[in-house]
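The values are calculated or read from the model by the stated rules, or taken from the named source; none is laboratory data. Predicted, not measured: the structure shown is a model, and the values here were computed from it. For neighbour counting, all protein chains shown are included, and Cβ atoms are generated from backbone atoms with ideal geometry for every residue, glycine included.
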């Protein structure tokens, strides 16, 4: 998976590739999906959520430019796989999930795997997590019509935020970078993510 799906597509950072090699993807998906764990695509994990395609996980991670000393916020814990990757590349990871069953499962799995720098929080990710702000990097793993303003407000100076923005049928990955009071936005690549539900995302129900 790492060689064919990630490295061959241009993700060459040794730290990122090592993080993927060290993270057993099959443990983050239901047992009836284990046969497909390392294939090139997303997989269902319950509650209408998915674990993202390996390359997209790597691509989004690469654009955060993590050096190892950052505090990171992830919105949309899901299976915990992306958080696990981030946990190998940053000093501190806070990840927010709105489904209690997914949050509980991810918390237990990450603890079983020995992560001590990742905390799973239950709540509305669209409002961020003000308690631990500001964040050097923010990753949103679900799509909204626009970037939630509270997340931009919780981004540290020099920080980077990546998320899919657009309609329910398809989006574009956007990268936001804070330079003082200025926010610089770059459009990266077309994607398709599940909707981000919450006060600053798609409505509930």
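Please work out if residue 162 is touching a helix residue (DSSP H, G or I) at 6+ places or on another chain (Cβ under 9 Å), in a strand (DSSP E or B) and more than 14 Å from residue 93 (Cα to Cα). Spell out how you get there, then give the answer.
On the way: touching a helix residue (DSSP H, G or I) at 6+ places or on another chain (Cβ under 9 Å): yes; in a strand (DSSP E or B): yes; more than 14 Å from residue 93 (Cα to Cα): yes.
Yes, satisfied.
Mind listing whichever residues of segment 166-200 are part of a loop (DSSP other than H, G, I, E, B) and either free of Cβ contacts under 8 Å to residues at least 12 places away in the same chain or farther than 22 Å from residue 61 by Cβ (or both)? Even if it seems obvious, please write down each step before you answer.
Start the filter on segment 166-200 by keeping residues that are part of a loop (DSSP other than H, G, I, E, B), which leaves 167-170, 180-181, 192-194, 196, 198-200.
Within segment 166-200, 167, 168, 169, 180, 181, 198, 199, 200 meet the criteria.
Restricting to segment 8-34, what's the tally of residues that are in contact with a strand residue (DSSP E or B) (Cβ under 7 Å, 6 or more places away or on another chain) and either free of Cβ contacts under 8 Å to residues at least 24 places away in the same chain or loosely packed, with under 12 Cβ neighbours inside 10 Å (or both)?
So the count comes out to 2.
What are the residue pairs meeting all of these: first residue in segment 137-165, first residue at positive phi and modelled with pLDDT of 95 or more, second residue part of a strand (DSSP E or B) and surrounded by fewer than 24 Cβ atoms within 10 Å (Cβ to Cβ), Cβ atoms under 8 Å, and 6 or more apart or on different chains?
Partner pairs satisfying both residue conditions: 158/136; 158/177; 158/178; 158/179.
Can you give me the ranges of the strands (runs of 3 or more DSSP E) entirely in segment 10-114 with at least 2 residues that are within 22 Å of residue 193 (Cα to Cα) and under 13 Å from the mean Cα position of the chain (by Cα)?
49-51, 71-75, 92-97
Determine, yes or no, whether residue 64 is in contact (Cβ under 8 Å) with a residue 12 or more places away in the chain and surrounded by fewer than 24 Cβ atoms within 10 Å (Cβ to Cβ).
So residue 64 passes the test.
Free of Cβ contacts under 8 Å to residues at least 60 places away in the same chain, under 16 Å from residue 94 (Cα atoms) and not in a helix (DSSP H, G or I): does that describe residue 119? If you could, list the steps in order and put the result at the bottom.
Numbers: free of Cβ contacts under 8 Å to residues at least 60 places away in the same chain: yes; under 16 Å from residue 94 (Cα atoms): yes; not in a helix (DSSP H, G or I): yes.
Yes: the conditions hold for residue 119.
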